[in-house]
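The structure appears below as structure tokens.
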Amino acid sequence: MSETQINPKEDNISFAELLEKSFTNHEVKEGEIVNGTVVAIYNDYALIDVGYKSEGMVPVSEFSRRSDKPAVQVGDSVDVFVEARESESGVIVLSKEKADRARVWDEITGIHERDETVKGTIVSRVKGGLAVDIGIKAFLPGSQVDLRPIRNLDKMIGETFEFKVIKFNKKRGNIVLSRRVLLESVRDAKKKETLETLEEGAFVKGIVKNVTEYGAFVDLGGIDGLLHITDMSWGRVNHPNELFQVGDEIDVKVLKFDKEEERVSLGLKQTKEDPWTLVAERYPVGAHVGGRVVSLTDYGAFIELEPGVEGLIHVSEMSWTKRVKHPSKVVDIGDEVKAMVLDIDFTEKRISLGMKQVAPNPWIAIGEKYPIGTVIRGEVRNITDFGVFVGIEDGIDGLIHISDLSWTSRVRHPSEVIEKGDEVEAVVLNIDTENERFSLGLKQLHEDPWSRIPNEYPRGARVKGKVTKVTDFGAFVEVEPGIEGLVHISELSDDHVTDPRTIVKLDQEIEVMIIDVDQVERKIGLSVKAVEKAEQGIDYRAYLAQGVTASTSTSTGGGMGTLGDQLGGLSLDNNE
């Protein structure tokens, strides 16, 4: 325990006094770090001999565990801090933890003075930053963790890095570290080297540092370049995170480089050949192709034929028979579809596709199946102002135009004749395959009555009819169902008539004479006055001749003109 020789006979000093004298010569001072030996371990304490008259006790928890071995063993040589030479129990008070801390402070002081780095492990998240174990606890502010702010500091717990001591106070026990200072130093060195070698057109490697909606920032070595979303792929990219994650290493091409402003524009797709250079060869007009639906608009669906090459299927090219209001009624994003190449615009890089063209055109078969004159039967699917649509086959309707509903009646609206859902028969009038139009006629099921009217109602014939309408210029008389003629106001009486309503009444049955028939214009001229003349024994031919003569003699004097002139400006239709 000591090289001092103890002579019990010296000056008659007792053994106990000599032993005390020996310890005094090797005095252990409070506040010092001394070396001792572990002589025993009791429960959670290690008994350490530091050469004093009594051993000291140190908690086992103050010793660092060494892999799978106990933290401390008998015989270990350790440095401890003397807190007090004697406690109330008479033993020396030692601390392994304080000895370690004092030694670390000495090391930190030297590291700071020599401008060196210290290695530490991030152990926990604290207010304003992170706690780092460098032998003792040190503080790493959030702003000093990295070159860019890190949102999730917790993910760095357990990581080991080199740090710079930027501030410390031994008295208060504070140590402030920085990792950013070291990273900036490395970045500046790389940046200087990169700026000397970087040039437009060069192919370089980089690390993705950040991903945004419009692009990705790539670290080229101390300087960042922007890889815009439009320069990532020849194909469609909805968001850069579809292609990249922070930390990915990628090969890019330098598109633009402003050395003074230190701005770099990068391209990834430029590292590969533009697929449009082979479009003419791979997708000739008329070719059947396959692709995936990548986007839908109101007017059509975009199909990716290969990365960087898309075609548009317009809604009008989706079905032969259905009127597609929106492409989502036919396809969904992600669907695999077949189509035909209809047209290619190399200048605008556009391909027009047709989906219906890969299936047989039913309109060609329809023309063969329903030749003109065929009578078909179908359900009224829709009624419009201009006609009626009748279902012929699935997706194919025929139109009965309003003018083809009746030979004799003027139909103001198709709903006056037909209702939606009615089963009707109609005649095929025309099929326009190119414009996909199918024309039908309802009135053509029956003979045109006007083909017989001139023979059945010759001039001079007397017939009875019912007054269907009275107007200021005359009265309309129905001579048979659907066939009407006009009794002009001048033909109602020999007397001067100012209001036809004083002569005839609605629904009145009267006898009239046929004085004119115009088959082309579908007009019949009638006369009450001619019947009266005939009853008086006057030949109607002479009467008509008189009308012509009178017309000729008064044509320049403001007369009534011939009956034909009077009828010429009028329609004999009851609805006018």
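The values are calculated or read from the model by the stated rules, or taken from the named source; none is laboratory data. Nothing here was measured: the structure is a model prediction, and the numbers come from that model. Cβ atoms come from the backbone with ideal geometry, glycine included; neighbour counts cover every protein chain shown.
Tell me, please, whether a residue that is part of a loop (DSSP other than H, G, I, E, B) and aromatic (Phe, Trp, Tyr) can be found in the range 273-286.
Checked against the condition, which is being part of a loop (DSSP other than H, G, I, E, B) and aromatic (Phe, Trp, Tyr), the range 273-286 yields at least one hit.
Can you report the number of residues in the range 108-142 which are in a helix (DSSP H, G or I) and either surrounded by 15 or more Cβ atoms within 10 Å (Cβ to Cβ) or in contact with a strand residue (DSSP E or B) (Cβ under 7 Å, 6 or more places away or on another chain) (or both)?
So the answer is 4.
What pairs come out if I take residues in the range 80-93 that are among the small types (Gly, Ala, Ser) and at pLDDT 70 or above and pair them with residues that are surrounded by 13 or more Cβ atoms within 10 Å (Cβ to Cβ) and part of a strand (DSSP E or B) whose C-beta lies under 6 Å away, six or more apart or interchain?
Listed pairs, sorted by first residue: Ala84/Val93.
Checking the condition free of Cβ contacts under 8 Å to residues at least 60 places away in the same chain and not assigned by TED's automatic domain parsing to the domain that holds Glu532, which residue from Val390, Val467 passes?
Being free of Cβ contacts under 8 Å to residues at least 60 places away in the same chain and not assigned by TED's automatic domain parsing to the domain that holds Glu532 holds for just one of Val390, Val467, which is Val390.
Going through the range 185-206 one residue at a time, which ones are under 18 Å from Phe257 (Cα atoms) and either β-branched (Val, Ile, Thr) or not in a helix (DSSP H, G or I) (or both)?
Thr194, Thr197, Leu198, Glu199, Glu200, Gly201, Ala202, Phe203, Val204, Lys205, Gly206
From the list Ile344, Ile333, which residue is in a loop (DSSP other than H, G, I, E, B) and either basic (Lys, Arg) or in contact with a strand residue (DSSP E or B) (Cβ under 7 Å, 6 or more places away or on another chain) (or both)?
Answer to the selection: Ile333.
Looking at the structure I just gave you, is Gly286 modelled with pLDDT of 90 or more and within 26 Å of the chain's Cα centre (by Cα)?
Taking the combined requirement at face value, the residue does not satisfy it.
With the checklist (1) surrounded by 13 or more Cβ atoms within 10 Å (Cβ to Cβ); (2) within 23 Å of Pro360 (Cα to Cα) in hand, flag the one item Val285 doesn't pass.
Status for Val285: all satisfied but (1).
Which of the residues belonging to the range 141-155 are among the acidic types (Asp, Glu) and more than 17 Å from Gly247 (Cβ to Cβ)?
Within the range 141-155, just Asp154 meets the criteria.
So, in the range 477-503, of the ones that are in a loop (DSSP other than H, G, I, E, B) and small (Gly, Ala, Ser), which residue ends up surrounded by the fewest Cβ atoms within 10 Å (Cβ to Cβ)?
Selected residue: Gly482.
Does Ser328 meet the test of being surrounded by 15 or more Cβ atoms within 10 Å (Cβ to Cβ) and hydroxyl-bearing (Ser, Thr, Tyr)?
For Ser328, the condition - surrounded by 15 or more Cβ atoms within 10 Å (Cβ to Cβ) and hydroxyl-bearing (Ser, Thr, Tyr) - is not met.
For the range 212-268, what are the residues that are in a loop (DSSP other than H, G, I, E, B), of a type in the set (Phe, Trp, Tyr) and either in contact with a Gly (Cβ under 8 Å, 6 or more places away or on another chain) or touching a residue at least 60 places away in the same chain (Cβ under 8 Å) (or both)?
Passing the criteria: only Trp234.
Would you check which residues across the range 194-231 are at pLDDT below 85 and exposed (fewer than 13 other Cβ atoms within 10 Å of the Cβ) and list them?
Glu196, Thr197
Pairs please, first residue from the range 283-300 and more than 17 Å from Asp345 (Cβ to Cβ), second anywhere and part of a loop (DSSP other than H, G, I, E, B), Cβ atoms under 6 Å, 6+ apart in sequence or on different chains.
So the pair list comes out as Val293/Val331; Val293/Ile333; Val293/Asp335; Val294/Arg236.
Kindly check whether there is at least one residue in the range 293-306 that is over 18 Å from the mean Cα position of the chain (by Cα), of a type in the set (D, E, K, R), within 24 Å of Thr230 (Cα to Cα) and outside the structural domain of Leu243 (by TED's automatic domain parsing).
There is at least one residue in the range 293-306 that is over 18 Å from the mean Cα position of the chain (by Cα), of a type in the set (D, E, K, R), within 24 Å of Thr230 (Cα to Cα) and outside the structural domain of Leu243 (by TED's automatic domain parsing).
Condition test on Ile313, is it hydrophobic (A, V, I, L, M, F, W, C), touching a Phe, Trp or Tyr at 6+ places or on another chain (Cβ under 7 Å) and assigned to a strand (DSSP E or B)?
no
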